[in-house]
Ligand code: PHE
């Protein structure tokens, strides 16, 4: 009896179980495929006795629906099984993979901070070339011809006649600013400078500076002092005291060195400040009238002040780093300590 055969096949389909995708697919092809059992049974339609044709058609349809439903059901069950297995393998209490975040170089951190402090009181940032001519690095700045800085021992010369050298300070940028702009000028010049020094913990053949310049009518030494006082207190803290000591630079008159109260002992005296209570951090002074005239500014109308500091020196005080070489060795262990920004 063909009908019985179909009915038993229906039972078989209903009971069929499979654990893999392949088993399900094989089963589908066996029953429902182009050459599958269902097709073959349909083909036998003509052999069925006329009075049984109706019922035969019905059981075949039932077989088709039952088989399709079973395949869907099995696929669904398999999918669920897979996703719950995946969830079981996720350990939500595991620590996350740490993503390494880069850090700024300590010199950049300090430079940015110094620049920010002066920008807040109206200074503009200016930059210039690291390879300079004699005029911008020395002559315009009132260096006498026999000045030792003009010696090969102190300066890296690239060319002679005309003299071309690696700039020894960013005062050269200030000359360029005075030549190209008319007062009032308020500018700071951060940058790398070069000096012919043997490399040691305390000296390097290059370092970084921020120099500042303010030119206007009636600029006085009191303005210089107050500006630097504001700077020192903003950078080192509200209790910081400053001290100006007479000094000499060819391009300023009068000139001074500025000290700040020791950042370690607050002025009480310790071995960092050599028991003086103060630390020297920059040179400064009133721009020499000769320099103004060299740059085309009328020194009878205008006056100004300038100052310059080494970024490494400030970083040394801020971060307590005592070996200058660390700043240019790219030692990851050193650099990673500066991950939080200043
Ligand atoms: N240019 C000086 C230096 O490199 C610093 C300085 C700048 C001093 C401006 C006085 C005024 O040492």
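Just a few scattered comments:
- Scanning the range 11-31 for residues that are outside any loop (DSSP other than H, G, I, E, B) and surrounded by fewer than 18 Cβ atoms within 10 Å (Cβ to Cβ) gives 11, 12, 14, 15, 21, 22, 23, 25, 26, 29, 30.
- Listed here are the strands (runs of 3 or more DSSP E) enclosed by the range 97-186 that have at least 2 residues being touching a strand residue (DSSP E or B) at 6+ places or on another chain (Cβ under 7 Å) and touching a residue at least 24 places away in the same chain (Cβ under 8 Å): 131-133, 164-166.
- Scanning the range 264-296 for residues that are outside any helix (DSSP H, G or I), within 16 Å of the ligand (Cβ to nearest atom) and closer than 20 Å to residue 218 by Cβ gives 284, 285, 286, 287, 288, 295.
- Residue within the range 239-251 that is in contact with a helix residue (DSSP H, G or I) (Cβ under 7 Å, 6 or more places away or on another chain) and away from the ligand (no atom under 12 Å from the Cβ) present: yes
- Residue in the range 4-14 that is closer than 30 Å to residue 85 by Cα and without any contact (Cβ under 8 Å) to a residue 40 or more places away in the chain present: yes
- Long-range neighbours under 7 Å by Cβ, at least six apart or interchain, first residue on the phi > 0 side of the Ramachandran plot and assigned by TED's automatic domain parsing to the domain that holds residue 257 within the range 276-302, second in a strand (DSSP E or B) and within 15 Å of the ligand (Cβ to nearest atom): 285/249; 285/252; 285/253; 285/254; 285/255; 285/256; 285/305; 285/306
- A single entry from 211, 238, 253 fulfils the requirement of being in a strand (DSSP E or B), in the same structural domain as residue 187 (by TED's automatic domain parsing) and surrounded by fewer than 17 Cβ atoms within 10 Å (Cβ to Cβ): 253.
- Comparison of 179, 146, 197 shows that the only residue that is in the same structural domain as residue 303 (by TED's automatic domain parsing) and within 14 Å of the ligand (Cβ to nearest atom) is 197.
The values are calculated or read from the model by the stated rules, or taken from the named source; none is laboratory data. Every value quoted in this text rests on a predicted model; they were computed, and no experiment measured them. Here the Cβ is made from the backbone with ideal geometry for all residues, glycine too, and neighbour counts use every protein chain on show.
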